[in-house]
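Just below is one structure, and these are the notes that go with it.
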Number of protein chains: 2
Amino acid sequence: MKLITKQTDYAVRALGYLSGRGDTFISSGEIARAENIPASFLRRIMQVLIKAGIVAAREGKNGGVRLAVNPATVRMIQLIELFQGKIELSDCMVRKDICPNRRTCALRTKIQQAERRLFQDIGKTRLSELI
Amino acid sequence: MKLITKQTDYAVRALGYLSGRGDTFISSGEIARAENIPASFLRRIMQVLIKAGIVAAREGKNGGVRLAVNPATVRMIQLIELFQGKIELSDCMVRKDICPNRRTCALRTKIQQAERRLFQDIGKTRLSELI
DNA sequence: TTAAACTAATACTAAAATGGTGTCAGAATG
DNA sequence: CATTCTGACACCATTTTAGTATTAGTTTAA
Ligand code: FES
Ligand code: FES
């Protein structure tokens, strides 16, 4: 069971790389080489980050990407949800119609507690704290 | 992103069912029917629980399964690891040889913190607390 | 003005994890 | 000895994750 997938991992590394580079545009290719990430895979990841407004892109020669926001405002939970979707419990807690004993489920309560903690720990961690 | 898969979920429900039934052996089929779980799937799940020593089985007619331990001694973390494997971070933290910036990785620290909490919240939760 | 170096967008394949089914053998019981 | 169970697996389906490729369009610099 993995808490963090490759995509999220790569995204963090790429953002870390960018954060050391100020306002210049860096090509995805360079990042991929430097961080040992498959190039086309990283491009797709960058596009997600771009659409999310976390990095800005510039097309054409000498183009590339750069941070669009202060690393201190980017939280891990944002990245995790971006690439892994919202943190859910198990299906029975989502699809209310299926589960018979949903109302009285103690596990649900417990897990929601854990979820809240997850948000506090990794979730609220800022990108700037990681680099 | 799911923290708990169907298998773990089903296992918890089945154990919950058993815990209300004392020392009698209950057939997997009955549990499956009662809890709305695909029968053959549950059988496979039970075999895991049996091998783990959490339930005991009795073969033959009028056979079935029953709890082999006190529900208070079964922890969620045990079930999760049984069906979803050990909680890992991302690969880079496991395969030491691959990741370049492993030593200084702040994310690793953060996530280990979160992991510890996860253990505390869902992990240490006892089966007996859920039923 | 055109080749090179980029991003945009998206379709595609591969591999792994999860969910679920089926079968055949053997044990207990009535 | 038929029935009702578990044991032990092999098998298939679905979903998620990982990774590749392709075609189009933008910018720059020689
Ligand atoms: S909500 Fe479905 S078992 Fe708890
Ligand atoms: S250990 Fe690999 S990026 Fe942190």
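The values are calculated or read from the model by the stated rules, or taken from the named source; none is laboratory data. Computed from a predicted model, the values in this text were never measured in an experiment. When we count neighbours, we look across all protein chains shown, and the Cβ atoms used for this are built from the backbone with ideal geometry, even at glycine. Calculation scope for accessible area: heavy atoms of the full protein, side chains included, ligands and nucleic acids excluded. Shrake-Rupley method; radii C 1.70, N 1.55, O 1.52, S 1.80 Å.
Annotations
- Among the listed pairs A:K61/A:K124; A:K6/A:K61; B:K2/B:K61; A:K6/B:K86, a Cα-Cα separation exceeding 27 Å is found for A:K61/A:K124; A:K6/A:K61; B:K2/B:K61.
- Counting only protein heavy atoms and using a 1.4 Å probe, the accessible area of A:I77 comes to about 30 Å².
- For B:K6, the label point sits 7 Å beyond Cα toward Cβ; its separations from the matching points on the remaining copies run 2.5 nm, from shortest to longest.
- Across the identical copies, the label point of A:K124 (7 Å from Cα in the Cβ direction) is separated from its matches by 2.1 nm, in order from shortest.
- Label point of A:T24 (7 Å along Cα→beta-carbon): distances to the other copies' equivalent points are 7.7 nm, sorted ascending.
- With DNA, RNA and ligands ignored, accessible area of A:E35 (1.4 Å probe; Å², nearest 10): 30
- Area of A:T5 that stays accessible when all protein chains are in place (1.4 Å probe, Å², to 10): 50
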